[in-house]
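S.K.: This is the structure I have questions about; it appears just below.
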Amino acid sequence: MDHIVLNVEDMEVMVQFYREVMKLPAERLAEFRAGRVPFPSVRINDDSIIDLFPKEMWSKSDTRPKGRPDMNHFCLAFDKAEWDELRRRLHECKVPIEDGPVPRWGAHGSGTSLYFRDPEGNVIEVRYYEDEENSNRCLLGT
């Protein structure tokens, strides 16, 4: 996967959540704040990012997909230690866990998942696989 695009209403709240809670590094944030690029991103891993589209990019255009009603959730895979650390941060930050830990099937077989929402209601699944060698890990903690 190359990227996910989230339609964002409050950019600062969303950037803070993905940087501080999810520990995903921001990209192009200074350029976005300076008006030099249309949106910032956060990096999932070497191959994938999440683009954060500000409201002016999606609220007035009939040609751009609105996205939010059609997306059920997205899933990020971590190793067990990173997953445990994220679970601790979710608790510290008072982010409610809606489901889990539960076993779920994914791209690398059966794993253990948690489900929660970002500040704008997007459902995020985070999982780890017992066979960590086969998981595409996020950059949590780096």
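The values are calculated or read from the model by the stated rules, or taken from the named source; none is laboratory data. The structure presented is a predicted model; accordingly, all values stated were derived computationally and were not measured. All Cβ positions, glycine included, derive from the backbone under ideal geometry; neighbour counts span all protein chains shown.
S.K.: Hey, does segment 24-37 have a residue that's modelled with pLDDT of 95 or more, assigned to a loop (DSSP other than H, G, I, E, B), in contact with a Lys or Arg (Cβ under 8 Å, 6 or more places away or on another chain) and under 23 Å from Asp79 (Cβ atoms)?
M.R.: yes
S.K.: Only one of Ala107, Ala81 is surrounded by fewer than 18 Cβ atoms within 10 Å (Cβ to Cβ) and at pLDDT 95 or above. Can you tell me which?
M.R.: Ala81
S.K.: Moving on to the next point. Could you check, for segment 54-73, whether at least one of its residues is modelled with pLDDT of 90 or more and of a type in the set (D, E, K, R)?
M.R.: No - not one qualifying residue is present in segment 54-73.
S.K.: Out of (1) over 26 Å from Pro96 (Cβ atoms); (2) modelled with pLDDT of 90 or more; (3) not basic (Lys, Arg), what's the single condition that is false for Met14?
M.R.: Met14 satisfies every listed condition except (1).
S.K.: Can we say Leu90 is over 23 Å from His3 (Cβ atoms), at pLDDT 95 or above and surrounded by 15 or more Cβ atoms within 10 Å (Cβ to Cβ)? It would help to see each step written out before you state the result.
M.R.: Values: over 23 Å from His3 (Cβ atoms): yes; at pLDDT 95 or above: yes; surrounded by 15 or more Cβ atoms within 10 Å (Cβ to Cβ): yes.
Judged against the criteria, Leu90 is a match.
S.K.: A further question follows. Count, please, the residues in segment 1-37 that happen to be over 17 Å from Val123 (Cα atoms) and touching a helix residue (DSSP H, G or I) at 6+ places or on another chain (Cβ under 6 Å).
M.R.: Adding up the residues that qualify gives 2.
S.K.: Between a residue in segment 83-95 that is free of Cβ contacts under 8 Å to residues at least 40 places away in the same chain and any residue that is not aromatic (Phe, Trp, Tyr), which pairs come within a Cβ distance under 7 Å, given they are 6 or more apart or on different chains?
M.R.: Arg87/Leu114
S.K.: Being part of a loop (DSSP other than H, G, I, E, B) and more than 19 Å from Ile44 (Cα to Cα) is the filter here, so list the residues in segment 83-114 that pass it. Break it down into steps so the answer makes sense when it comes.
M.R.: Applying the first criterion (part of a loop (DSSP other than H, G, I, E, B)) to segment 83-114 yields 93-96, 107-108.
Hits for segment 83-114 are Cys93, Lys94, Val95, Pro96.
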